[in-house]
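Notes follow the structure.
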Amino acid sequence: MRAVFRIGIASIVSMREVQAGVWHWEAPHPDWKPGEDWGRAVSSYAIDDGERLLVFDPLAAPPELEELARERETAIVLTCPWHHRDGEELAPAWGAPLYRPPLDEGDDNPFPAEEFRAGGTLPVGVEAFPGLERNDLLLWVESRRALVAGDTLIDRGNGLEFPVEWAREGSQPETIRESLLPLLDLPVELVLATHGGPFDRAALERALS
């Protein structure tokens, strides 16, 4: 799903604390249509350690999060470039750096951000692991034992899954799935899916089995 969009704060369903310092909120995707194979509500997350606030794939921002962002050393991190949602506007408004994986080749809608790739570790303590595509990555936040997923691991109403049919034409989904198995070596406790909601380690193990 590669849509860039903007929606108002009033469209946010709710924001809740998943565990201490880990926040989740949802908003309806404005380009969603009946019959799509993904849910209308998409998720965003924030992780606060008391000094630094990491915001992932933000769609709008609850007012209380905006207040916190101005009190913390804040960074916005994208799982994939097409999830930049409202991150492009929020970054300068909060004085926060914006980090993203590489753009698609020939992307005619570039936006300023600090680029990172699979295998890299961001200055804000986020480690990038390979995902469904070279620029759809899984983000590991060791301090919270949390794995943030864009389009690589999603929930379409039947629990966390690897969406085989979302792989690029010509790629081998089973090979990609096998490349994800090293994730099970991480002490993952939370999977923060941006299509769906938070899941536990058991859900990750089922999705990769």
Problem set entry | Looking only at region 185-199, and only at residues there that are touching a residue at least 24 places away in the same chain (Cβ under 8 Å) and either of a type outside the set (A, V, I, L, M, F, W, C) or in contact with a His (Cβ under 6 Å, 6 or more places away or on another chain) (or both), the one that is surrounded by the most Cβ atoms within 10 Å (Cβ to Cβ) | Thr194
Exercise. What number of residues within region 67-115 are at positive phi and crowded, with 22+ Cβ neighbours inside 10 Å?
Worked result: 1
For this session: For residues that are more than 15 Å from the chain's Cα centre (by Cα) and part of a loop (DSSP other than H, G, I, E, B), scanning just region 40-66, find the one that is nearest to Ala91 (Cα to Cα).
Result: Pro62
Seminar exercise, completed: The residue that is nearest to Pro123 (Cα to Cα), considering only those in region 38-77 that are among the basic types (Lys, Arg) and touching a residue at least 24 places away in the same chain (Cβ under 8 Å), is Arg52
Exercise. Taking only pairs six or more apart or across chains, which ones have beta-carbon atoms under 6 Å, a first residue in region 125-145 that is in contact (Cβ under 8 Å) with a residue 24 or more places away in the chain, and a second residue that is surrounded by fewer than 20 Cβ atoms within 10 Å (Cβ to Cβ) and of a type in the set (Gly, Ala, Ser)?
Worked result: Ala128/Ala118; Ala128/Gly120; Pro130/Ala118; Pro130/Ser179; Leu137/Ala118
For this session: Would you confirm whether any residue within region 25-42 is out of contact with any strand residue (DSSP E or B) (no Cβ under 6 Å at 6 or more places or on another chain) and at pLDDT 90 or above?
Result: yes
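The values are calculated or read from the model by the stated rules, or taken from the named source; none is laboratory data. Keep in mind that what you see is a predicted model, and the values were worked out from it rather than measured. Counting neighbours? That spans all protein chains shown, and the Cβs are built from the backbone with ideal geometry, glycine included.
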